[in-house]
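Let me begin by presenting the structure, written as structure tokens, before commenting on it.
A short reminder: the numbers here are calculations on the coordinates, not readings from a lab. It should be emphasised that the depicted structure is a prediction, and the values quoted were computed from it without experimental measurement. Here Cβ is always computed from backbone atoms with ideal geometry, including for glycine, and neighbour counts include all displayed protein chains.
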């Protein structure tokens, strides 16, 4: 078999093989079972709680959890804004990079707070090392927030009636110290020993073979890149993200980064099974997500390996597939695989230019973000999937002649209302955002590198990426203008917090309801049939809401290409 | 009463057609968010037509726009018709019940002091008030619902139940209720009116079916939210498509926008939703069950535990004698003679069955001056004395006591036989002659044929059946096993039922039960679905949330299925409706853009004739699928007890996959037709 395809299969197999034991470990962390890290982290956690004046055993209801989450996020948001707008005179700025403008700082802070990591600046020239460190901290906080709030929903799904669901601060600290920190250390070490810089010195000067002198940017990249992927953040140290030779030097680092970004979202699926003691449910979810992932990945890989018909028509051989915008060290297959993995999961880091992919691959990248729940971001992917489960439970519950129930709790009007609002939100943000951009050509036309269908795809992609908190871009878009900074900033905020509040509210309300024991007439949610139902709900909601927009973008572009 | 009215009777059709137009009133339409948006779209199309008549050129031909307008109007009318025909059917059913409430003369009694005879007045039944007394004699039609306060009568209830055999109703017991419209066949009863005019259960049910006071049930509200959500998604999709199309320089006509919108929103289920709800209650009414709310029918579908009385539900009426076992050394003929004599004055069904089994008319034994000893709770035996013979039959311990007191030994083989009968679910009756045990009669419960299959069906639905009986635990266990129920309450007192219900409810299960006595009232009220028998006491009927006019204890099973059918019909049609969107997209989206972007011909996988024919075919399909599904909505989707997962798989295959495929075929077929004309 083609070694490029073998490489992709190896990457996926490694992730799954590591994610299952990691899921068991995460399950133990949130069930407060003993793990071998306890002796190191118990004192550390205690120190944090003492410093913060927090009682980690205080039980919280779902509303208190959300309040705690928002408090943590607001405090750090303000701090990030302050640093980004003042970094020109703050320490750790050897390259004398300027402070950000207010709208860019707003966009950047929102972007990192919301785990989107959409970047309207370039790391080389737009930010100091101090700024990078603040962003790095944020990559921990936003990922920890996602994992912790997901743990709250897991606890709520347990078989009992309860109003309180553990302590948010405790979940949050445990997510950061016991999950993100140790894995980041391992990954950063691997990367640093494979050619990635890890330094606080400023630009290096080298002389090329031609005799020119070139300034090469560097910095604490290995540490940054580790959490960038582990936390499904995706914000690049450099503008070119993981396509940059110092941010992803080799095929091996590419594998490490790839595995790192997928591992927590997949491990969270298995963690659910361990927390609520329903491992079959985890396999159902994993199955649905994986089928969705493969349905997007395989056509993309095929399409990219075949090459671009427009180039073929010019009589140019494309033995390596479509290589425009891709790095030779990764090749078209691994790039295609990465492009779907990074959009399916909310990482949004790139190792090739999505703008240059063939139209249907571009569509698959957008569909991945439109669904935003095939694995999805750290913790939040499961929350998005939870909404789809609730909708599927409702329709299929009726179909078997019972008031719909999920894990022994009745799903009623109030939960449906919340689920429907959240399901509506994503299409609303993307389509309305795109409408704004297309109807205000005097604000946006200048930023598009292509007119016509592809230009429309660029706009659609930008808002999809913002709303899905993905952060990747169709890089043809010149997006550092007040319009894009503010519009995308708002979309990111709404697209982050409402889809967290919704599932937590539903899970919290359901947790307080009476538990109904399972009977023969109860709809089982851990079966392939139900999995099919969830898949159909996802496909129909995503397809129905976005099909017309996609038709005017990538689909029209595809059919208009010379064959 | 006609049970099988055909789905579309002529007079019902006429009424429903009229109502279809009346219901176009936006105020009524507003209750249904999905169809209300269709109405707005129809109104817009009306103005577009006027605009074209005024000379507008950009929107296509008048004929095309007018046809779109007409098809949308038809969509609305079809949806209204579905609701109207369901209401008309329910109303017709209710009317036939209400006919029994026509004006009847009532013999109203007014007490005038303690020592005078009551004053009797003949008044029309409509003038009776709650608390009034009236009396009925043989041949009278009972003017109003009430409770017998004095007397006993045989009553012909066929007007309500369709059952021709007369029933006995008497004061004081659990069968003291009489229903207006039924006929007294013999004797005389005094009845107290216990409901005010227009407030009887039947009146409430009629109001529910007629839609006047129909409240949406919890599941219906949740489903409406889901459908409204889907509608909103498509509002966003359609509205934002306008700037997208402008951006891509592809002008889209208003007709195309509205057609896209109407086709995508779930009009099929939106149009049929209220019809399904009404039809569910109508089905209950057809099963002769009066429900006090739509919610009760829905709850019935969720039931986890069913409490069933043994007698009448699981077993046929009463116990029957099945065997005679004479003690050692006793001649069988002599034993049978004693048995028959002891039972000759025994009017209980058990006593009669003994004589039946013996096959001998007691008159054949020429005995002189028999003195019959009645059964008392103290002696727990009955019998006969004549000449020098004293025959007794009764519970084994009481006869044992009797014989041992007289110094006789209780035979060991009898002792063993008694145990054997008990453990086989029978009831032993020991017989003594002059205080000497001469044998045992075996009484057995006869389990209804087919009942264990029904329980198996319930088990597959996930419902636990519990038998309630006054029998001892040993007998109860045997019958429970034989009939196939999952659990039993033996030696049940009314509070046992209540406690059992509370226990199950505390564990999160929903419980249904049926009852008739005043004793049952608290348990009926406690149960999530309490079905009172119409013959039962007023207290029982007030406490439950359904009344069964047939007094049929197995009705609960039917009610559960009606509830499940109601939910399933909603679920499957929702799935069907949403699945239809896939094909509609492939019809309309290429049609929208094909003129400006000819390359999109590749999306026209159905090869529809032209953009206009594609849009028309989609809206026409969208409209006619509603009347095509009305029969299904009214009859309900058949419930198959095959387990939830298998049922989901089956319904997903039929209504999900079917919902994807059918419109492809339908739209293509309509397009072939439409393309002949344009």
Task: Peptides ranked, highest mean first, by Cβ atoms within 10 Å: ranges A:528-536, B:51-59 - done: A:528-536, B:51-59
Task: Convex hull of the protein assembly as shown built on C-alpha atoms - directionally averaged projected area, nm² - done: 64.9
Open item on the list: Once you place label points 7 Å from the Cα toward the Cβ at residue B:150 and residue B:31, how far apart are they in nm?
Closed with: 4.7
Task: Residue-span extension gain [residue B:235 to residue B:10] - 0.36 nm each, minus C-alpha spacing - done: 77.1 nm
TODO: State the antiparallel share, in %, of DSSP beta bridges confined to chain B, rounding to the nearest 5.
DONE: 75
TODO: Quickly rank B:668-674, B:621-627 as a protection proxy: mean count of other C-beta atoms within 10 Å, highest first.
DONE: B:621-627, B:668-674
- [ ] Quick one: go through segment B:349-371 and flag any residue whose amide nitrogen is under 17 Å from the point 7 Å out along the Cα-to-Cβ line of residue B:385.
- [x] B:368-371
Task: Peptide A:444-455 - average C-beta neighbours from other chains (10 Å radius) - done: 1
Task: R0 of 30 Å, Cβ-Cβ distance residue A:64-residue A:283: FRET efficiency to nearest 0.05 - done: 0.40
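Starting from the Cα gyration tensor of segment B:439-504, take the square roots of the eigenvalues, sort them a ≥ b ≥ c, and report rounded, prolate or oblate (rounded when a/c is under 1.5, otherwise prolate if a/b is larger than b/c, else oblate).
Verdict is oblate for segment B:439-504.
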TODO: Mind sorting A:484, A:89 by how few other Cβ atoms lie within 10 Å of their own Cβ, fewest first?
DONE: A:89, A:484
TODO: Measure off 7 Å from each Cα along the Cα-to-Cβ vector at residue B:496 and residue A:46, then give the distance between these two points in nanometres to one decimal.
DONE: 5.8
Open item on the list: I need the peptides A:119-125, B:361-367 ranked by packing, meaning the mean over residues of other C-beta atoms within 10 angstrom, with the highest value on top.
Closed with: A:119-125, B:361-367
Open item on the list: Starting from 0.36 nm per residue, how many nanometres of slack lie between residue B:56 and residue B:642 once their C-alpha separation is accounted for?
Closed with: 205.0 nm
TODO: Rank these for me by crowding, B:575, A:14, going from fewest to most other beta carbons within 10 Å.
DONE: A:14, B:575
TODO: Just report the Cα centroid separation between segment A:92-109 and segment A:305-353, whole Å.
DONE: 32
Task: For chain B: rounded, prolate or oblate by the Cα gyration tensor [a/c cutoff 1.5] - done: prolate
Task: Spin-label proximity, residue B:650 to segment A:387-401 - amide N less than 18 Å from point 7 Å beyond Cα toward beta carbon - done: A:396-401
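Do me a favour and compute the ellipsoid semi-axes for chain A from its Cα gyration tensor, root of five times each eigenvalue, largest one first, whole Å.
Semi-axes (√(5λ), whole Å): 36, 29, 23.
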- [ ] Decide, for segment A:3-278, between rounded, prolate and oblate: order the square roots of the alpha carbon gyration tensor eigenvalues as a ≥ b ≥ c, take rounded if a/c falls under 1.5, and otherwise choose prolate if a/b is larger than b/c, else oblate.
- [x] oblate
TODO: Please find the FRET efficiency linking residue B:121 to residue B:187, where r is the Cβ-Cβ separation and R0 is fixed at 30 Å, and quote it to the nearest 0.05.
DONE: 0.85
Open item on the list: Counting only helical runs of four or more DSSP H residues, what would the 222 nm mean residue ellipticity of chain A come to if each run contributes -39,500 (n - 2.57) and the total is spread over all its residues?
Closed with: -21000 deg cm²/dmol
- [ ] Find the Rg to Rh ratio for segment B:579-639, where Rh is the Kirkwood radius over alpha-carbon pairs and Rg uses the same atoms.
- [x] 1.16
Open item on the list: Based only on other Cβ atoms within 10 Å, what is the fewest-to-most ordering of A:498, A:493, A:398?
Closed with: A:498, A:493, A:398
- [ ] Averaging sequence separations of C-alpha pairs under 8 Å and six or more residues apart, then dividing by the length of chain B, give the relative contact order as a whole percent.
- [x] 15
Task: Sites residue A:189 and residue B:215, calculated FRET efficiency, Cβ-Cβ separation with R0 60 Å, nearest 0.05 - done: 0.40
Task: Potential lengthening between residue B:334 and residue B:599 on full extension [0.36 nm per residue; Cα-Cα distance subtracted] - done: 85.1 nm
